[in-house]
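Visitor: Quick one: structure below, then a few questions.
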Amino acid sequence: MVESNVNPMNPSPTRTKENLRRPKEPILIIEDKKENQVLLEAICKRIGMETDIAEDGKIALEMAAKRPYSLYLVDLMMPVLDGKSFIQERKKLEPSAVFIVQTAIDQTEEIIEVMRLGVYDYLLKPLHVEIVSDRLEKALEYVYLKRMEYLLVDEESKELKSQLEWLNYKESHRKTNEINSELHSILNLKTTLMQGSGLGAMSTIIDSIQQIKVDQGKDYSINKEFWDLLYENHEHNMAMMSGLDLAVDIIQNHTNLVRSKSEDLLNLLPALVEAFKDEIEERELKVNLPVVKQSVSLDFDLEAMKLAIHEVFTNGLKYSKKKSHFDVFVTFVDGYFCLSAKNNIIEDEYAKQLTHYEKKLVEPFYRIHPPVESFYSKEKFSLGLGLTMVDFILHRHNGMFFIRNAIDHTTEVKADCIIAEIFLPIQNEKESNNE
């Protein structure tokens, strides 16, 4: 028996737009009852997915051996080979396979047993069209993101090797003392800006004129439009000075590394999305955060890493192509925990220069793109220092930071993108306990 007030054969125009972020392979429906086969096939067609149908688990295993599937929609109770046995056998050959199971037994013990099989989700019978559609949409997005993670692992392994020479070169030019070349550069810049003929004097004059405006009311002699523009620039300048102060504090202060769990770092992400809510909505971006089941031990200074991740978000969001996706992934590569942020490239003249200059983007005061004025109030750093400070913070954590061009192969049309990657070494708890 099925329940629905919606015609499952009527395609949903709002959902087919997401096809570009889906796997290409069809869904394998494993169901012995004809009426449920027809319903599930219609729902899949409704959301724009092709399907194959198997009447039992044995036939499904044979079909899965011949072609790949995006996910498996499995009925638990079937003749010949039941759903549980099919899942167990398929996982031996395809550990990363994604399963959604159907069951008519709405009991806690049964649901717990089902989830222990390592399935992504479950559906209770009788099936409701809207619920099934929603679960499938989420599962397909999950499959897409997991495949992107696998691609990143492969790319990052290769990229790590190519970047080692660059890191060794940078290390050979770092000063061994705590007040290094980055600090001298920033201090010199700050001194220049605050000299009598620099921004310091201009800010003082503007503050004085603002006080005259307050004291004299409407009788001040400066044109209102001119003053408002001048004061707006003043606020930008003060934000820039604040960013320089923060950079100096980070370089001069001690980094307090504390043994923590990786989820403590990932728990920062939802608050960041909320902080950039207005900018995300204005650019019509869709932000996808990672789904991570594995937990590892890391040594990090929470406040410092909060600044580093905030800057990665700032850089990725402000240079994201409008109506695109901003994806955050977690991967584990060669003993490192890697937090990656991917954004689609804005197709302009600056994008053409990125490949040639990508390794210089973390150098002090080097930036390809011009400032994005709409983000100035959210930026922690200024004058192109943001990625420099991320690189510095990761160096203090015995980690690495890369930002590079990549190609997104998981869409129908290959797309250029930028990936910013934070690497932190995974700590061995056994060794730590022995110490």
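Please treat every number below as a calculation from the coordinates, not as lab data. Everything quoted here is computed from the prediction, not taken from an experiment. Every residue, glycine as well, gets a Cβ built from its backbone with ideal geometry; the counts of neighbours run over all protein chains shown.
Visitor: Can you list the trypsin sites (Lys or Arg not before Pro) in the range 250-315 that are in a DSSP coil and have 13 or fewer other beta carbons within 10 angstrom?
Guide: Here the trypsin sites (Lys or Arg not before Pro) that fit, given the DSSP loop and packing criteria, are Lys293.
Visitor: If you don't mind, another one. Taking the Cβ of Leu73 as the center, what net charge do the other residues with Cβ under 12 Å away carry, scoring Lys and Arg +1 and Asp and Glu -1?
Guide: -4
Visitor: Under a 5 Å amide H to amide H cut-off, with H placed in plane at 1.01 Å, what residues pair with Phe326 once short-range neighbours are removed?
Guide: Counting only residues 5 or more places away or on other chains, the set is Lys286, Val287, Asn288.
Visitor: Also, I was wondering about something else. For Leu76, which sequence-distant residues (separation of 5 or more, or a different chain) have an amide H within less than 5 Å of its own amide H, given hydrogens modelled in the peptide plane?
Guide: Gln102
Visitor: With a Förster radius of 25 Å, plug the Cβ-Cβ distance of Lys323 and Asp134 into 1/(1 + (r/R0)^6) and report the FRET value to the nearest 0.05.
Guide: 0.65
Visitor: In which sequence would Lys321, Lys342 go, from the one with the fewest C-beta neighbours within 10 Å to the one with the most?
Guide: Listing Lys321, Lys342 from fewest to most nearby Cβ atoms yields Lys321, Lys342.
Visitor: With a 10 Å Cβ neighbour count serving as the proxy for reagent exposure, in which order, fewest first, do Lys66, Lys125, Lys91 appear?
Guide: If I rank by nearby Cβ atoms, fewest first, I get Lys66, Lys91, Lys125.
Visitor: Also, I was wondering about something else. For the range 21-86, which GluC sites (Glu not before Pro) are in a loop by DSSP, counting at most 13 other Cβ atoms within 10 Å?
Guide: Those satisfying the criteria are Glu50.
Visitor: Provide Tyr150, Tyr122 in ascending order of the number of other Cβ atoms located within 10 Å of each residue's Cβ, fewest first.
Guide: Ascending Cβ contact count within 10 Å gives the list Tyr150, Tyr122.
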